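K.L.:
This is the structure I want to talk about, given as structure tokens.
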Amino acid sequence: MEKKTLKQRIVDASVVLFQQDGYHNVTVDRIVEHIGASKGGFYHNFKSKDALLYEIHDVFISYVIRQSQEAYDKYDTPISRLCALMQTLTHVFDLYQEHITVFYEESRSLSAEYSAIIHDKRSHYRKILQTVIEEGQQTGDFRAELPATIVTMAIVGMINWTYKWFKQSGPLTMEEITKVFSDMVLHAIVTEQAMEEAIQFMIKDKPAI
């Protein structure tokens, strides 16, 4: 197993401590004490605790953007691309659930500088998704009467909220939940002419709860 860098160890420790006691109740001293490091080591990697909170977000949003672009490039139809993008977004909530929970609960603590960067990165992801919706409307795969912006925000909003209720120990895996999401979205936006392709991505049986 590859040894974690000090930066990774600081991020991992802060995620645990911020989730446990809240961002404002955890000091830099406590973080470095938790991992047996020095304050010098902390400030070598982060100029402030605010920069650390930004990094917690950047870990997962950068992953989503990278994986989403790869998914877009890999597939060649609006339906397959949409399903791949949804799978990428739901997977990050499984992979980085603690990071996402900390960020959403503590994001108001970020400075305007970091909030602006995060806004741009989130807009980048939404633009990839909205492009797929718009392309699907142009090809006749997705219903053109539905505003692409609203469809995009509805998908993102639905999946984003999973951080509040998804539990890895729960009755459904994230993969099973993704199938439910895909089924709901495709039934809502796919045109009759594209339904045959969409059926390949819809759940055949309701997951056992």
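The values are calculated or read from the model by the stated rules, or taken from the named source; none is laboratory data. Worth saying up front: this structure is predicted, and the values here are computed from it rather than measured. Cβ sites come from the backbone with ideal geometry, for glycine too, and all protein chains shown count toward neighbours. We work out accessible area using only protein heavy atoms, side chains counted, and drop any ligands, DNA or RNA first. Shrake-Rupley method; radii C 1.70, N 1.55, O 1.52, S 1.80 Å.
K.L.:
Return yes when residue 120 is open to solvent by 40 Å² or more (accessible area, probe 1.4 Å) and without any contact (Cβ under 8 Å) to a residue 12 or more places away in the chain and no when it is not.
P.N.:
When the stated conditions are applied, residue 120 passes them.
K.L.:
Report, by residue number, each residue of region 30-45 that is more than 14 Å from residue 55 (Cα to Cα), open to solvent by 20 Å² or more (accessible area, probe 1.4 Å) and in contact with a helix residue (DSSP H, G or I) (Cβ under 7 Å, 6 or more places away or on another chain).
P.N.:
Passing the criteria: 30, 34, 35, 37, 38, 39.
K.L.:
Also, quick follow-up: Of the residues in region 126-149, how many are open to solvent by 20 Å² or more (accessible area, probe 1.4 Å) and touching a residue at least 60 places away in the same chain (Cβ under 8 Å)?
P.N.:
Total meeting the criteria: 2.
K.L.:
Among the residues of region 161-205, write down those that are under 14 Å from the mean Cα position of the chain (by Cα) and surrounded by 15 or more Cβ atoms within 10 Å (Cβ to Cβ).
P.N.:
162, 163, 166, 174, 178
K.L.:
Among residues belonging to region 1-23 that are over 16 Å from residue 99 (Cβ atoms) and out of contact with any helix residue (DSSP H, G or I) (no Cβ under 7 Å at 6 or more places or on another chain), point out the one that is surrounded by the fewest Cβ atoms within 10 Å (Cβ to Cβ).
P.N.:
Within region 1-23, the match that is surrounded by the fewest Cβ atoms within 10 Å (Cβ to Cβ) is 1.
K.L.:
Take region 150-159 and flag every residue that is under 30 Å from residue 52 (Cβ atoms) and loosely packed, with under 14 Cβ neighbours inside 10 Å.
P.N.:
Result: 157, single match.
K.L.:
Could you say which residue among 100, 209 is among the hydrophobic types (A, V, I, L, M, F, W, C) and at pLDDT 85 or above?
P.N.:
Just a single option satisfies the conditions, and that option is 100.
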